[in-house]
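The values are calculated or read from the model by the stated rules, or taken from the named source; none is laboratory data. All values derive from a computational prediction rather than experimental measurement. We place every Cβ from the backbone using ideal geometry, glycine too, and count neighbours over all the protein chains shown. Just the protein is used for accessible areas: all its heavy atoms, side chains included, with ligands, DNA and RNA removed. Shrake-Rupley method; radii C 1.70, N 1.55, O 1.52, S 1.80 Å.
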Amino acid sequence: MLLTEEVQEALDAHRPVVALESTIIAHGLPRPRNLSVAEELEELVRAEGAVPATIAVLDGRAHVGLEKSHLERIANDDTVRKFGHRDLAPALARGASGATTVSATAFLAARAGIKVFATGGLGGVHREWSESQDESADLRLLAQTRIAVVCAGVKSILDVPATLQRLETLGVAILGYGIDRFPGFYLRSSGEPVDWTVNTPEEVAEVILVKEALGGPESALIVGNPVAEEEQLDPALHERVLGEALDECRERGISGQAVTPFLLDHLMRRTGGASLEANLAAVRGNVRLASRIAAAL
Ligand code: PSU
Ligand code: MN
């Protein structure tokens, strides 16, 4: 694992560090906007006084913290693959390059000693799960990895109630940040309740510290931070376009790792870019909150 000097120094000095994933850059956002977003997210972390650690695999080495040229490669190189945590060993052994999903990023971040990670929306249980058995590896990895993940819930293309049920079974704790509902990614609320609501970064930090002191299984803490009402996607538009996207995904027989990028891209095109703006608003909010939590720790 290669840590940049900046990340290593910050960790050694117990200064705040926030992990960022790279799949959203390589496969979740359109070019050329993806590169400027990647840079903007790092700037947001710095503006809050924390150090960003964007994580990716390049030429068989796991990088924690990326140089500018690395970010450019992740954003623009067509050969950059998508790696979940199960891909890490083959990728490192074979000298491959890829962006890391939530599962691979959380794994590497926790190994590096980073306690807080920001993303957009987690993967989860897909809507046609009973036929495809498609459930993101994010969930199980988060049940085995001690890290706080700030997200706007799980992607609304998924079966949200089933995902929440699975997280309960796996024993992963969930906090609603300033809301008593689980956030709905593009939407402020998924409509599903959460059991715990907190209102400040200090309150989240307190939960993290108590969880550490308690011991027990190494599991993640999910901090569900909703997009602001003014920035969410119009719920009626969301409902209509998502139905079409799911139909097309089924008709075209898209499966496996390609499903999530396909649906995100389809929604972006069919909402005239509005879903992209809501996605970015959610990610920015999560990165800001994660930085404040890291500072409070
Ligand atoms: N959040 C976003 N956009 C994304 C993702 C998250 O706003 O593209 C990525 C994350 O890397 C997550 C992945 O781990 O989508 C889930 O993919 P899958 O459903 O194939 O596990
Ligand atoms: Mn999947």
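From the list 91, 110, 104, pick out the single residue that is open to solvent by less than 10 Å² (accessible area, probe 1.4 Å) and away from ligand 2 (no atom under 16 Å from the Cβ). It would help to see each step written out before you state the result.
Numbers: 110 fails: open to solvent by less than 10 Å² (accessible area, probe 1.4 Å); 104 fails: away from ligand 2 (no atom under 16 Å from the Cβ).
Result of the check over 91, 110, 104: 91.
Which count do you get for residues in segment 106-146 that are over 12 Å from the mean Cα position of the chain (by Cα) and either charged (D, E, K, R) or more than 9 Å from ligand 1 (Cβ to nearest atom) (or both)?
Qualifying residue count, segment 106-146: 25.
Given the conditions (1) within 16 Å of ligand 2 (Cβ to nearest atom); (2) assigned to a strand (DSSP E or B); (3) of a type in the set (A, V, I, L, M), report the number of the one that residue 18 does not fulfil.
The single condition residue 18 does not satisfy is (1).
Pairs needed: first member in segment 220-239, β-branched (Val, Ile, Thr); second member anywhere, modelled with pLDDT of 95 or more and open to solvent by 20 Å² or more (accessible area, probe 1.4 Å); C-beta distance under 6 Å; at least 6 residues apart or different chains.
Taking only residues 6 or more apart or on different chains, the pairs are 222/174; 223/177; 227/188.
It is to be established whether one or more residues within segment 209-219 are within 24 Å of residue 24 (Cα to Cα), open to solvent by less than 30 Å² (accessible area, probe 1.4 Å) and either more than 19 Å from the chain's Cα centre (by Cα) or within 16 Å of ligand 1 (Cβ to nearest atom) (or both).
no
If I go through segment 182-192 residue by residue, how many of them are surrounded by fewer than 23 Cβ atoms within 10 Å (Cβ to Cβ) and either acidic (Asp, Glu) or touching a strand residue (DSSP E or B) at 6+ places or on another chain (Cβ under 6 Å) (or both)?
2
Out of all the residues in segment 155-162, is one or more open to solvent by less than 10 Å² (accessible area, probe 1.4 Å) and within 12 Å of ligand 2 (Cβ to nearest atom)?
Yes, that holds for at least one residue.
I need a count of the residues in segment 148-164 that are over 23 Å from residue 261 (Cβ atoms) and out of contact with any Asp or Glu (no Cβ under 9 Å at 6 or more places or on another chain).
The number of residues fulfilling the criteria is 1.
Could you tell me which of the residues 241, 283, 287 is among the β-branched types (Val, Ile, Thr) and over 30 Å from residue 11 (Cβ atoms)? Spell out how you get there, then give the answer.
Details: 283 fails: over 30 Å from residue 11 (Cβ atoms); 287 fails: over 30 Å from residue 11 (Cβ atoms).
After applying the criteria, what remains is 241.
Of the conditions (1) within 15 Å of ligand 1 (Cβ to nearest atom); (2) of a type in the set (Val, Ile, Thr); (3) open to solvent by 60 Å² or more (accessible area, probe 1.4 Å), residue 169 fails just one. Which one is it?
That leaves (1) as the condition not met.
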